[in-house]
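A.B. asks: Okay, here's the structure, questions in a sec.
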Amino acid sequence: MSIPFSFNQVTIEQYQTIYPHLQGEVDWSRIISFFTGKTIDEIESLPLKEYKYYINSLAFLTKEVKPKIAFKYYLSGLVKSVKYKPQPKLITWQGGNFYKASRSVNDINTGRYITIKTLMEHPNLVSVLHELCALVYEPASYLSFKYDGNKHAEIADKFLKAPMSIAQPSVFFCLEVLMNWNLNTQDYLEGVMTTENLLKEMTTELKENGLATFGDGLT
């Protein structure tokens with residue numbers, strides 16, 4: 001096994017294995033041992049210069065990957081929609097099949113949303129990364145593709161070998177799904193409508209009283 005230099009070279013399964021050793025004070029000896037195949041004794045017998053080289057090469061594992069978030073707003077100022085980037089790679093080849101990523105929250109049905117919500121609340125999110133990928137990616141066929149919950153576990157197993165660069169945007173997309181579904185709850189939408197109607201009434205009243213000198217700004 002060779003030393004990786006980016007998340008694109010670390011599989012989900014590998015990351016799940018080393019993740020406990022990345023918590024708290026990083027156990028570099030065990031992590032280096034995992035990727036090099038050397039024993040702990042062999043790692044701790046390395047010249048300090050070589051040991052530091054391995055740590056510097058693997059330092060990316062400790063860096064948090066954060067998404068960029070874009071918002072769209074209603075006239076009232078309330079949030080209309082949320083978009084996370086980077087988005088999942090559109091097509092990926094895993095376990096002998098092509099898989100295509102969902103590109104919109106509108107692609108998600110209620111059952112799939114409930115599963116995403118359940119997994120995103122898991123106390124150890126890293127342990128279910130491959131399952132989240134199987135909720136974002138669907139087997140691609142020539143004409144179309146459809147999510148099949150009955151094949152979820154089978155597809156999830158194939159994504160264990162997918163790189164972490166596939167998993168991270170998949171988590172961001174699941175966050176996007178949760179955020180946008182919450183924005184479409186009845187209470188939130190009623191709040192938007194109430195605020196929009198209030199603004200319209202205020203604007204109408206100002207115009208009727210000849211006070212809407214900045215009408216374009218108010219409407």
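A.B. asks: I'm trying to understand the selection: among the residues of the stretch 109-131, which are over 16 Å from MET179 (Cα atoms) and either assigned to a helix (DSSP H, G or I) or in contact with a helix residue (DSSP H, G or I) (Cβ under 8 Å, 6 or more places away or on another chain) (or both)?
C.D. replies: Restricting attention to the stretch 109-131, the residues satisfying the condition of being over 16 Å from MET179 (Cα atoms) are 111, 122-131.
Of everything in the stretch 109-131, those that are over 16 Å from MET179 (Cα atoms) and either assigned to a helix (DSSP H, G or I) or in contact with a helix residue (DSSP H, G or I) (Cβ under 8 Å, 6 or more places away or on another chain) (or both) turn out to be GLY111, HIS122, LEU125, VAL126, SER127, VAL128, LEU129, HIS130, GLU131.
A.B. asks: Is one or more of the residues making up the stretch 18-32 assigned by TED's automatic domain parsing to the domain that holds TYR137, small (Gly, Ala, Ser), more than 22 Å from ALA162 (Cα to Cα) and surrounded by 12 or more Cβ atoms within 10 Å (Cβ to Cβ)? Quick ask: steps written out before the conclusion?
C.D. replies: Start the filter on the stretch 18-32 by keeping residues that are assigned by TED's automatic domain parsing to the domain that holds TYR137, which leaves none.
Among the residues of the stretch 18-32, not one is assigned by TED's automatic domain parsing to the domain that holds TYR137, small (Gly, Ala, Ser), more than 22 Å from ALA162 (Cα to Cα) and surrounded by 12 or more Cβ atoms within 10 Å (Cβ to Cβ), which makes the answer no.
A.B. asks: So which helices (runs of 4 or more DSSP H) are wholly in the stretch 1-108 and hold at least 1 residues that are in contact with a His (Cβ under 8 Å, 6 or more places away or on another chain)? So that I can check it myself, show each step before the final result.
C.D. replies: Numbers: elements: 12-18, 28-36, 40-44, 48-58.
Once the helices (runs of 4 or more DSSP H) in the stretch 1-108 are filtered for at least 1 residues that are in contact with a His (Cβ under 8 Å, 6 or more places away or on another chain), what remains is 12-18, 28-36.
A.B. asks: Kindly indicate the residue of the stretch 118-170 that is over 26 Å from SER6 (Cβ atoms) and in contact with a Leu (Cβ under 8 Å, 6 or more places away or on another chain) and also modelled with the lowest pLDDT among those meeting that condition.
C.D. replies: TYR147
A.B. asks: Can you tell me which of ALA140, ALA134 is closer than 29 Å to PRO20 by Cα and assigned by TED's automatic domain parsing to the domain that holds MET164? If you could, list the steps in order and put the result at the bottom.
C.D. replies: Details: ALA140 fails: closer than 29 Å to PRO20 by Cα.
It is ALA134.
The values are calculated or read from the model by the stated rules, or taken from the named source; none is laboratory data. All values derive from a computational prediction rather than experimental measurement. Heads up, the Cβs are rebuilt from the backbone with ideal geometry, glycines too, and the neighbour counts pull from every protein chain shown.
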